[in-house]
Amino acid sequence: MLSVSVYDLIKVKIASMEYAPGSNFSEMELANELGIPRGKVREAFNLLSQDKLVQVIPQRCTTICKLELGNILDSIFIVRSILIAIVKDVHLAYLDKSLPLSQLRTDLLAMEKNNNFSEVDFFKLDHDFHLTLSELSGFPRLNKIIFKEKLNIDRTLRLSVKRQADYITILRIYGKVIDTLLAGAPDKSIKALCELASMLETCANAASKNHPHLFK
């Protein structure tokens, strides 16, 4: 297994809150858990440390960094700003030919009607929403920026959203963004993106209040 794969695997476990903020790991423990060489874990920890997701304490352990409310609110602002810029610049003629956007709208409607979708299902569709919008820009590097910022946003969503109805509310906002975009009304898409950001800020504040031990 390549170290970059180990990096991605651990990052997914951090994003899903399987590895909670404040948790401590030794290289050997994690190597045994994942069934990989210790050196690969060390390389992955070094990469995650550069992302400020873990703190490596030499000769002792590695700690999953606690969440910081201010940084999460900044991330929400950054993602909102990028998506608004994309929505402003995209051309309706291109949208008419955008099969991924039409398929995404179909998938959103299907999940809204499904009362049994899982958290994993939601975050997969959430990923598709942000990926599809970012690809409308024509700049692949925006994907990396968005998903780097989204990691901690998603962690707070997992902490604060306890009802499926709340996830459905978010899905409906995503649908509103797409519908107004396809209708040639970018101003309404921007309004929906601002509504989304406001909801995410509420979730982040709730997570900080209800789980103070996971925050700095």
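The values are calculated or read from the model by the stated rules, or taken from the named source; none is laboratory data. Quantities reported herein were computed from a predicted structural model and do not represent experimental measurements. Counting neighbours? That spans all protein chains shown, and the Cβs are built from the backbone with ideal geometry, glycine included. Keep in mind that these areas ignore ligands, DNA and RNA; they rest on the heavy atoms of the full protein, side chains included. Shrake-Rupley method; radii C 1.70, N 1.55, O 1.52, S 1.80 Å.
Quick look at the values:
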| item | result |
| --- | --- |
| Lys/Arg +1, Asp/Glu -1 at C-beta; the chain dipole; positive extreme among Ile170, Leu136, Val6 | Val6 |
| Of Lys162/Lys191; Lys40/Lys176; Lys124/Lys209, pairs whose Cα-Cα distance is over 32 Å | Lys40/Lys176 |
| Centroid-to-centroid separation of the range 30-92 and the range 143-176 [C-alpha atoms, Å] | 16 Å |
| Helix runs (DSSP H) in the chain reaching 15 Å along axis by Cα, Kyte-Doolittle at least 0.5 | 3-15, 69-89, 164-182 |
| Magnitude of the charge dipole, the chain, Cβ model with Lys/Arg +1 and Asp/Glu -1, debye to 20 | 320 debye |
| Protection proxy ranking, peptides 153-161, 115-123, 42-50, average beta carbon neighbours within 10 Å, highest first | 153-161, 42-50, 115-123 |
| The range 143-202 - charge dipole about Cα centre, Lys and Arg +1 at Cβ, Asp and Glu -1, debye rounded to 20 | 220 debye |
| Met199 - accessible surface, heavy atoms, 1.4 Å probe, Å² rounded to 10 | 40 Å² |
| Computed helical MRE - 222 nm, the chain, DSSP H runs ≥ 4 contributing -39500 (n - 2.57), nearest 500 | -24000 deg cm²/dmol |
| Cα gyration tensor, the chain - rounded (a/c under 1.5), prolate or oblate | prolate |
